Amino acid sequence: MRTIGEPPSSPAGGRVYLDHAATSPLRPAALAAVASTGPIANPAAVHSAGRAARAMLDDAREQIAGLLGVRPLEIVFTSGGTEADSLALLGASGSGAVGISAVEHAAVAGVTAPGLLADRVRLLPVDADGVVDPSAIGALSRPSLVSVMTVNNETGVVQPVAGCAEAAHRAGALFHTDAVQALGHEPVDLAGWDVDLASFSAHKIGGPVGIGALWVRRGVTVPAITAGGGQEAGIRSGTQMVALARGFAAALVEALGELDRRIEVWTGLRNRLMAAVAAIGGVHADGGPAVSPAICHLSVDGARGEDLQLLLDARGIDCSTGSACHAGVAAPSQVMLAMGRTPAQASSCLRFSFGPETTAAQIDRLTAVLPEVVAQARAVR
């Protein structure tokens, strides 16, 4: 029995981490930015130490805004993507109908809970690939807000965000996109998409856990949903996390600086994995015509996702059955059900997601054991 704090044993060659869509390991540059912040005062304080902390916070905000091509005052720091989504959905929803796609992350889909926006939410259907048809937005009755994610966190499908934003505006609604899985993995063009609000998270790109951002286009009003000092543009309250903001900025500098090269590498890795998967009977790649190069989602006929995941874990390969927010819950994927899959099919999924350190050798280790793992998982049934 291992003692508390002792890491689990690793197979020969070390572990292969293919779950970057859940969280990506902290980049050295982000860690250095956090560590070099040193002891700081509250950035809302007016004394010298407080002003110094405020200056560091403003520098990080300006850096992030510049990289996203927006104004610094449009960046609202949050505790992560989930809070950013909540601020947008609950704060900017107005009084009309709220349209969300049927394949949204739980941070958005959760607003259907009783006591939140349950009576006002309208689900936008998706096709068999999980893609939203923007014309469905026009069928909404007097919508005030529409939210469609940029990249699906399970399948990696890239949604037609610009078309959805245009349809929402024609219907008189604001448009929000959860761009958490897009940032650092796909080009993000807030101005070109003509969206009004967008959510981001640092730890998906190798920044620290515990910080994200909601971008609010100038002129859009987002009332606060909690009480407090309104430190972040009157929208989000609480003492600001200066060190984490600096880590977010440092991670984003690296992620966007290497984006073109990473897309090329990830595309090659995904194609390598797909070529090997094609030789395994009854294993299918999910996704539409546009899919993130950093996510590969598989459905395995006759097997359960949790069995596949545990068998791979025993062989030193970390992956997911879908969204990490549902880890440990043996239930069919709501995303796959919305795409028309049966409960059995929606429970047969694996997600592999890539990061800056993912290599061809790691993909080869996966593909070397995958046929045996699939056979063993099917035997369990």
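Separation of region 36-59 and region 122-196, taken as the distance between their Cα centroids, equals 37 angstrom.
Fully extended, how many nm does the chain gain between D133 and A290 (0.36 nm per residue separation, minus their Cα-Cα distance)?
Values: separation 157, 0.36 × 157 = 56.52 nm, distance 1.38 nm.
Taking 0.36 nm per residue and subtracting the Cα distance, the gain is 55.1 nm.
Between S292, A251, L269, the Cα set farthest toward the positive side of the dipole of region 250-293 (charges on each charged residue's Cβ, about the Cα centre) is that of L269. Here the chain is assigned +1 on the Cβ of each Lys and Arg and -1 on the Cβ of each Asp and Glu. Its dipole about the Cα centre then comes out at about 420 debye. With each label modelled as a point 7 angstrom along the Cα→C-beta vector, the D189-D260 pair spans 1.5 nm. Within the chain, the selection of entire DSSP H helices by a Cα span of 18 Å or greater along the long axis and an average Kyte-Doolittle value of at least 0.0 returns 242-257, 360-380.
Rounded to the nearest 20, the size of the Cβ-charge dipole of region 259-380 about its Cα centre is 120 debye, with Lys and Arg at +1 and Asp and Glu at -1. Packing around the peptides 194-200, 303-309, 271-277, 115-121, taken as the average count of other Cβ atoms within 10 Å per residue, puts them in this order, highest first: 194-200, 303-309, 271-277, 115-121.
Remark: the Cα gyration tensor places region 87-142 in the oblate category, a/c being 1.5 or greater and a/b not exceeding b/c.
Under the simplified labelling scheme, the D58-A379 pair shows an inter-label distance of 6.6 nm, with each label point 7 Å from Cα along Cα→Cβ.
With a Förster radius of 45 Å applied to the beta-carbon distance between A41 and A368, the computed FRET efficiency rounds to 0.25. What FRET efficiency, computed as 1/(1 + (r/R0)^6) with R0 = 22 Å and r the Cβ-Cβ distance, is obtained for A314 and T267, rounded to the nearest 0.05? According to the calculation, E is roughly 0.15. Only one residue of L89, L337, C164 has its Cα farthest out toward the positive end of the dipole of the chain, where Lys and Arg carry +1 and Asp and Glu -1 on Cβ, and that residue is L89.
Where a number appears in this text, it was derived from the coordinates with a stated rule and is not lab data. Remember, predicted model here, so these are calculated numbers, not experimental data. Cβ sites come from the backbone with ideal geometry, for glycine too, and all protein chains shown count toward neighbours.
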